[in-house]
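The values are calculated or read from the model by the stated rules, or taken from the named source; none is laboratory data. None of these values were measured; they are calculated from a predicted model. All Cβ positions, glycine included, derive from the backbone under ideal geometry; neighbour counts span all protein chains shown. Accessible surface is based on the protein model in full, side chains and every heavy atom, while ligands, DNA and RNA are left aside. Shrake-Rupley method; radii C 1.70, N 1.55, O 1.52, S 1.80 Å.
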Amino acid sequence: MTAMERFEKVKASYRREMDEQRVVTSIQELPISYECISDEWLTQALCAKTPGARVTAHTLDRADEGTSNRRRIFLTYNDAGDSASLPRSVFCKATQSLESRFVLGLNRSTEGETIFYNHIRPLLDIEAPVGLFANVDTESLNSILIMKDMGGQVEFCDHKTPISREQALNQVELLAKVH
């Protein structure tokens, strides 16, 4: 398949998803927007290892749109989830917009990130977010990654953040561990 054919196929999948706009209740489905996520879907994504635990309510934080579609989700659980100390909030990255699917999906970054968080990250003793759920649809390039929320625990840097020599060396050491 040529790049142009792939591009058109993703556009057609996206249009079909936008026409349907349905709430997802099964973990086999990927939400096309954060508003389409149900408590049932979150229960399957986050409570599978905790018998009896269920998400009973959730609220969405403000949207943070960039290369990916990012959002924090605040969670409420039943007694089993509370007793297990399941996370009260999670941080998500997704490719719910057509633009993010083109930027991150066509070059297979979403597939790589899904593989990393599902299979590689659990094996590494590194300072990096812990993935709780990750999936990608390789046809439509829709994806979602749910991670432990690190807000308030770490400093998030951007291209303007000054980095000391020691921090730069730590970053290179971390990258060496990953590779």
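Some notes on this structure:
- All of (1) of a type outside the set (A, V, I, L, M, F, W, C); (2) in contact with a Lys or Arg (Cβ under 9 Å, 6 or more places away or on another chain); (3) surrounded by 15 or more Cβ atoms within 10 Å (Cβ to Cβ) hold for Glu139 with one exception: (3).
- Per-region count, the stretch 74-107, residues free of Cβ contacts under 8 Å to residues at least 60 places away in the same chain and closer than 23 Å to Met18 by Cβ: 9
- Of all the listed residues (Ala128, Ala134), the sole one being assigned to a loop (DSSP other than H, G, I, E, B) and either among the basic types (Lys, Arg) or under 19 Å from the mean Cα position of the chain (by Cα) (or both) is Ala128.
- Of the listed requirements (1) free of Cβ contacts under 8 Å to residues at least 40 places away in the same chain; (2) out of contact with any helix residue (DSSP H, G or I) (no Cβ under 9 Å at 6 or more places or on another chain); (3) part of a helix (DSSP H, G or I); (4) open to solvent by 60 Å² or more (accessible area, probe 1.4 Å), Ala168 misses just one: (4).
- Helices (runs of 4 or more DSSP H) completely within the stretch 1-90 that count 2 or more residues being loosely packed, with under 12 Cβ neighbours inside 10 Å, out of contact with any strand residue (DSSP E or B) (no Cβ under 6 Å at 6 or more places or on another chain) and at pLDDT below 95: 3-20
- Scanning the stretch 91-105 for residues that are assigned to a strand (DSSP E or B) and either over 17 Å from the mean Cα position of the chain (by Cα) or surrounded by fewer than 22 Cβ atoms within 10 Å (Cβ to Cβ) (or both) returns a single hit, Phe91.
Okay, residues lined up against (1) closer than 23 Å to Glu139 by Cα; (2) of a type in the set (A, V, I, L, M, F, W, C):
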| position | (1), (2) |
| --- | --- |
| Cys36 | yes, yes |
| Glu40 | no, no |
| Cys47 | no, yes |
| Arg71 | no, no |
| Gly105 | yes, no |
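- From the list Leu106, Leu141, Leu123, the one residue that fits, being at pLDDT 90 or above and on the phi < 0 side of the Ramachandran plot, is Leu123.
- Taking the stretch 68-87 as the range and being within 16 Å of the chain's Cα centre (by Cα) and not hydrophobic (A, V, I, L, M, F, W, C) as the test, the residues that pass are Ser68, Asn69, Arg70, Arg71, Arg72, Pro87.
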